[in-house]
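Data block below; observations after.
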Amino acid sequence: MCPYGLTGLRLSSGREYRAIFPFENLSLVKGFTLFRDNCMKCHSINKIGGTMGPEFNFPENITEYWKEEDIISFAKNPKAYRYNSPMPPVTNVQDSEFRQLIRYIKYMKNNKLHD
């Protein structure tokens, strides 16, 4: 659950996902699904998703300035990295799933939104 009582994000159709779905690499669908189900309520990729947390791909992809292990550790325990972080710990995602999610986020570097 995201902070401030936000419990979900509802999209009207799959069309909204076109810009963020890994059509060219279907092995990354699991990572996309993990993003959609666990991150998208608060975070966005290419400005698609929530606005409570930082955008993951624009203007810079998060993997360009955060190490993979730090991303996983932060997601599991945000307050260990940022005092008074409003982000709740992600407790329902295994490390192997975090790696799939990060592979998807890295893939999005090459599909970056251009403004």
Hey, what angle do you get for helix 29-38 against the long axis of the chain, alpha-carbon based, 0 to 90 degrees rounded to 10? 40 degrees
Restricting to lysines 8 or more places apart or on different chains, can you count the pairs in the chain with Cα atoms under 22 Å from each other? 21
Taking a label point 7 Å from the Cα of MET52 along Cα-to-Cβ, the residues of segment 75-97 whose backbone nitrogen sits under 16 Å from it are 75-79, 84-92
The alpha-carbon center of segment 20-40 and that of segment 59-73 are separated, in whole Å, by 17 Å
To the nearest 20 debye, the chain has a Cα-centred charge dipole, built from +1 on Lys and Arg Cβ and -1 on Asp and Glu Cβ, of 220 debye
Surrounding charge for ALA19, neighbours by C-beta under 12 angstrom, Lys/Arg +1, Asp/Glu -1, total +3
For the chain, calculate the relative contact order in percent as a whole number, restricting contacts to Cα pairs under 8 Å that are 6 or more residues apart. 31 percent
Give the angle, between 0 and 90 degrees and rounded to the nearest 10, that separates the Cα long axis of helix 95-108 from the longest principal axis of the Cα atoms of the chain. 50 degrees
From the helices alone, meaning DSSP H stretches of at least four residues, give me the mean residue ellipticity at 222 nm for the chain, per-run term -39500 (n - 2.57), in deg cm²/dmol to the nearest 500. -8500 deg cm²/dmol
For the chain, what does the convex hull of the Cα positions come to per residue, in cubic angstrom? 107 Å³
Please give the charge dipole size of segment 51-115, origin at the Cα centre, charges +1 on K and R Cβ atoms and -1 on D and E Cβ atoms. Round to the nearest 20 debye. 100 debye
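Each reported figure results from applying straightforward, stated rules to the coordinates on display, with no laboratory input. Computed from a predicted structure; not experimentally measured. No Cβ is skipped: glycine too gets one built from the backbone with ideal geometry, and neighbour counts run over all protein chains shown.
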